[in-house]
Amino acid sequence: MRSIRQLTLCAVLTAMALALSYLENLFPLSGAIALPGVKIGLANIVTVFALYVLGPGPAALVLTARCLLGSLFAGNMNALFFSLLGGFCAMGTMMLLRRVRGISVYGVSIGGAAAHNCGQVAAAMVTLGNSAPLYYLPVLLPVGVATGAVTGLVSACLFQALSRTGLHFK
């Protein structure tokens, strides 16, 4: 951490990501989309924001803290492996895509969502000890593209709104 201000911002972003994740669990998409485990990924808005504003290191710290605390608070430590593997795959992909010229926050977010799905399928394969979860990936990826587009849109709107405030984060 470079400063107390950056550490404080990481703590606030972690709390926001936890709150969004909890809020999202109150309104499951299972009624609208009959696919197990599908979520919009509202907490990923915070991850994208942290990546663009703070950089990869602090964003990875926020992601890790959110996964650890979220699993602890939910009392579901079994989900931790899935969260971390999906989250780190998403973060790595978003870090790479952010460096590619011409890819907007939409593309970065969509790529992160798709990578998150791949990471969670990999976690399921490790947990089950076979490749059966791979058959679910063609179903998950289009949903990941859609949810990544939603979080990318919200992130773009957030950046646009913040640009008008005159606040500087770095």
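The values are calculated or read from the model by the stated rules, or taken from the named source; none is laboratory data. Computed from a predicted model, the values in this text were never measured in an experiment. Cβ atoms come from the backbone with ideal geometry, glycine included; neighbour counts cover every protein chain shown.
Would you confirm, using the coordinates I've provided, whether Thr165 is farther than 25 Å from Thr64 by Cβ, β-branched (Val, Ile, Thr) and either out of contact with any Phe, Trp or Tyr (no Cβ under 7 Å at 6 or more places or on another chain) or at pLDDT 95 or above (or both)?
For Thr165, the condition - farther than 25 Å from Thr64 by Cβ, β-branched (Val, Ile, Thr) and either out of contact with any Phe, Trp or Tyr (no Cβ under 7 Å at 6 or more places or on another chain) or at pLDDT 95 or above (or both) - is met.
Could you run through the range 122-162 and say how many residues are over 14 Å from Val48 (Cβ atoms) and either free of Cβ contacts under 8 Å to residues at least 60 places away in the same chain or loosely packed, with under 14 Cβ neighbours inside 10 Å (or both)?
Count: 24.
When residues of the range 82-112 are filtered for being surrounded by 21 or more Cβ atoms within 10 Å (Cβ to Cβ) and polar (S, T, N, Q), how many remain?
Total satisfying the criteria: 2.
Please go through the range 53-81 and give me each residue that is surrounded by 17 or more Cβ atoms within 10 Å (Cβ to Cβ) and hydroxyl-bearing (Ser, Thr, Tyr), ordered by number.
Ser71
Answer yes or no as to whether Thr47 is in a helix (DSSP H, G or I), under 12 Å from the mean Cα position of the chain (by Cα), over 21 Å from Asn25 (Cβ atoms) and hydroxyl-bearing (Ser, Thr, Tyr).
For Thr47, the condition - in a helix (DSSP H, G or I), under 12 Å from the mean Cα position of the chain (by Cα), over 21 Å from Asn25 (Cβ atoms) and hydroxyl-bearing (Ser, Thr, Tyr) - is not met.
Output the residues belonging to the range 52-111 that are within 16 Å of Gly152 (Cβ to Cβ) and outside any helix (DSSP H, G or I).
Matches in the range 52-111: Val100, Gly102, Ile103, Ser104.
Of Gly129, Gly92, Gly86, which residue is touching a helix residue (DSSP H, G or I) at 6+ places or on another chain (Cβ under 6 Å) and modelled with pLDDT of 90 or more?
Sole residue among the options that is touching a helix residue (DSSP H, G or I) at 6+ places or on another chain (Cβ under 6 Å) and modelled with pLDDT of 90 or more: Gly86.
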